[in-house]
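Contents: one structure, followed by commentary.
The values are calculated or read from the model by the stated rules, or taken from the named source; none is laboratory data. Source: prediction; values computed, not measured. Here the Cβ positions follow ideal geometry from the backbone for every residue, glycine too, while neighbour counts run over all protein chains shown. Only protein heavy atoms, including side chains, enter the accessible area calculation; ligands, DNA and RNA are left aside. Shrake-Rupley method; radii C 1.70, N 1.55, O 1.52, S 1.80 Å.
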Amino acid sequence: MSVDQNRRHLLKLASAMGLAICSGHHSLFATPLPSSATKIIPSSNESLFPIGMGTWITFNVGNDMQLREQRLQVVDKFFELGGQMIDSSPMYGSSEDVVGYCLSQLASKGLSTKEEIRKKLNNRGKLFAATKTWTRSSDSGQQQFIDSQRLWRQQRFDLLQVHNLVAWQRHLPMLQELKQQKLIRYLGVTTSHGRRHSELIKIMKTQAIDFIQLTYNIDDREAEHDILPLAQERGIAVIANRPLQGGRLMDKFQQEPLPVWSKEIGCNNWAQFFLRFIISHPAITSAIPATSQVNHMIENMGAINRVPLPNNAQREQMVRYLAAL
Amino acid sequence: MADWLSYSLHDFLLFSPDVYWRLLACYSESSMSLAIAIELMAVIAFAYVYRTRKYSVVALLNIVLLAVLGAMFYMQHFATINTFAPYLAYACFAQSFLLVLYLFKTRIAVISTHNDNFSKVNLTSINYAKLPLVCLAVIILSPWVAVFLSFTWHVGIVGILPIPTLILVLISSFFYSRLWRFVLLPIPFLLLVIELLTLKVVLS
């Protein structure tokens with residue numbers, strides 16, 4: 001190599017390192033992630049960043065301005081690292097209002113989540129707004145949607161879900177109507193903690209829905225038996241809630257050593273171990289860990305990196321390692 | 001049936017413990033002057049009751065305490081993090097209304113009999129005259145008990161925060177006639193159970 005070529009090579013390296021440092025993303029954001037770093041929504045072929053953000057408990061901070069500002073930092077980091085889906089619900093207390101506050105604060109700082117911001121070098125994520133309807137009557141469901149629009153400061157939502165399958169027979173027609181009016185783009189249903197799976201399967205087989213949301217993680221794999229294969233068969237996207245079992249997986253295992261092969265499967269910490277297990281299932285479209293801390297958000301988002309997601313053999317290896325601890 | 005068994009107390013807690021404690025601390029600091037006024041009013045009321053045996057003052061005081069608890073704590077503050085807090089406020093207002101009915105009914109009895117000592121309590125093991133002193137002790141000592149249990153003293157303020165208020169309201173129920181006690185005990189008892197369960201989950 002000539003002196004000029006060496007100098008050119010060194011300059012390229014230096015600028016790449018500088019970009020990486022400035023972006024604040026430990027997975028070298030200066031170059032795009034592989035296509036396997038996104039998942040596809042089956043009903044539309046739209047791509048989606050597989051690590052979203054839940055807001056159950058973590059964003060229910062009421063009118064406490066100090067805590068709201070802390071959540072703002074979390075949301076800012078989430079979008080900075082490419083995050084898209086934020087999932088909330090009227091059931092989560094003030095969470096919708098706090099999310100709306102964060103989004104409006106980011107917009108006022110010029111850090112919009114709208115499409116034009118993706119032109120920025122750091123590929124800031126485009127918001128995928130997901131909320132729910134949680135009421136027994138369809139009239140209240142309409143009002144709840146209006147309330148969500150007000151609280152989120154959003155006219156349109158990407159996804160509206162029937163929370164915990166409450167009165168789904170009454171709500172699904174309303175959701176279909178909202179979809180026709182283009183006020184929502186997708187509709188779905190949710191459950192959690194392994195509850196009402198048989199009813200969920202019935203809905204998946206008989207109703208035209210785009211998404212389901214349920215609990216799926218390395219400690220709760222019941223959905224693998226029938227629901228996840230059915231979702232693949234029916235072209236339904238799957239959101240995994242409680243990916244860390246409400247924090248219990250971290251409490252139980254974070255003092256244990258990671259396996260020596262963890263880096264081979266792209267895991268630098270336990271959060272990434274648990275999240276990569278989930279999103280490596282072909283039926284899973286997104287996992288939505290909830291956090292109130294920026295450093296945890298960075299760990300979670302680091303689950304998407306250049307290392308290919310674990311294959312079936314590696315997934316079984318992960319399960320066996322955990323069982324042995 | 002299996003669905004119900006899968007629920008735990010934690011599933012009903014909509015907020016994190018640190019958010020709850022911050023809410024209590026911020027609320028009690030912002031209502032400090034009201035808290036001091038209510039504590040003084042309660043001390044004076046029970047001292048008056050001890051001296052004069054005019055037990056209708058107890059019901060009046062409880063009406064004020066429950067109305068403040070419902071409107072200030074449950075409706076304005078706790079409702080910001082708990083979707084069900086307004087229902088707890090309604091329970092406080094309902095209890096206040098029942099106490100108003102009790103006062104109205106027994107006041108009519110007092111007017112007709114010219115006897116203000118209308119609370120017909122039949123306690124065999126407790127000296128009835130000492131009840132006002134017990135209530136005074138609750139009011140004055142609650143903040144100190146809170147500090148002793150490693151909470152901030154705010155959580156012990158009567159009339160502002162639920163647990164000491166509801167304990168006082170329940171003890172006060174011994175001033176009412178036996179029949180009215182059956183009517184006036186359930187709501188504060190249920191509220192106290194809910195608050196203690198909330199505390200249990202928050203502390204766990």
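Of all accessible surface on the protein assembly as shown at a 1.4 Å probe, what whole percent is carbon and sulfur?
So the carbon and sulfur contribution to the accessible surface is 61 percent.
Just counting partner chain Cβ atoms within 10 Å, what average do the residues of peptide A:92-100 show around their Cβ?
Mean partner shielding for this stretch: 3.
How many Å² of accessible surface get buried when B and A come together, counting both sides, probe radius 1.4 Å, rounded to the nearest 100?
By this definition, chains B and A bury close to 1400 Å².
Starting from the amide H of A:GLU46, placed 1.01 Å from N in the peptide plane, find each other amide H under 5 Å away whose residue is 5 or more places distant or on another chain.
Answer set, sorted by chain and number: A:ILE41.
Can you pull the one-decimal nm distance between simple spin-label points at A:ARG221 and B:ARG53, each 7 Å off the Cα toward Cβ?
Those two pseudo-labels are separated by 7.6 nm.
How about the range A:227-261: which of its residues lose at least 10 Å² of accessible area in the presence of all protein chains relative to their chain isolated, using a 1.4 Å probe?
Buried-area filter returns A:ARG248.
What aspartates and glutamates sit close enough to B:LYS200 to cross-link, taking a C-alpha to C-alpha distance under 15 Å and skipping anything fewer than 8 places away on the same chain?
Once the sequence-local aspartates and glutamates are set aside, what remains near B:LYS200 is B:ASP11, B:ASP18.
Quick one: 3J(HN,Hα) in Hz for the range A:229-240, Karplus 6.51/-1.76/1.60 with θ = phi - 60°, rounded, Gly and Pro as x.
Ordered by residue, 3J(HN,Hα) equals x, 5, 4, 5, 5, 8, x, 10, 6, 10, 9, 9 Hz.
R0 = 35 Å: FRET efficiency of A:GLN255 with B:LEU133, Cβ-based, nearest 0.05?
E between A:GLN255 and B:LEU133, to the nearest 0.05, is 0.10.
By how many nm would the segment from A:SER108 to A:ARG248 lengthen if fully extended, with 0.36 nm per residue of separation less the alpha-carbon distance?
Details: separation 140, 0.36 × 140 = 50.40 nm, distance 3.65 nm.
Contour length minus Cα-Cα distance gives 46.7 nm.
Could you list the residues of the range A:255-293 with an amide nitrogen less than 13 Å from a label point located 7 Å from the Cα of A:ALA323 in the Cα-to-C-beta direction?
none
Please report the net charge: other residues with Cβ closer than 15 Å to the Cβ of A:LEU228, K and R +1, D and E -1.
It works out to a net charge of 0.
Of the DSSP beta bridges with both residues in the range A:3-324, give the percent that are antiparallel, rounding to the nearest 5.
Around 15 percent antiparallel, to the nearest 5.
Would you list, by chain and number, the aspartates and glutamates whose Cα falls below 18 Å from the Cα of B:LYS54, excluding same-chain residues fewer than 8 positions away?
Qualifying aspartates and glutamates at Cα under 18 Å: B:ASP116.
Quick check on packing: order A:89-95, B:48-54, B:19-25 by the mean number of other C-beta atoms within 10 Å, highest mean leading.
Put in order of decreasing packing, that is A:89-95, B:19-25, B:48-54.
With the solvent-accessible surface defined on protein heavy atoms using a 1.4 Å probe, which residues belonging to the range B:13-41 display a reduction of at least 50 Å² in accessible area in the multichain context relative to the isolated chain?
B:LEU14, B:VAL19, B:ARG22
Find how much the distance from B:LEU196 to B:PHE93 grows on full extension, using 0.36 nm per residue of separation minus their present alpha carbon separation; answer in nm with one decimal.
Using 0.36 nm per residue and subtracting the Cα-Cα distance, I get 35.1 nm.
Specify the inter-centroid distance of the range B:23-37 and the range A:274-325, based on alpha-carbon positions, in whole Å.
Using only Cα atoms, the two centres lie 45 Å from each other.
Got a sec to turn the phi values of the range A:267-280 into Karplus ³J(HN,Hα) couplings, 6.51 cos²θ - 1.76 cosθ + 1.60 with θ = phi - 60°, whole Hz, x for Gly and Pro?
10, 9, 7, 5, 4, 5, 4, 5, 6, 5, 4, 5, 6, 6
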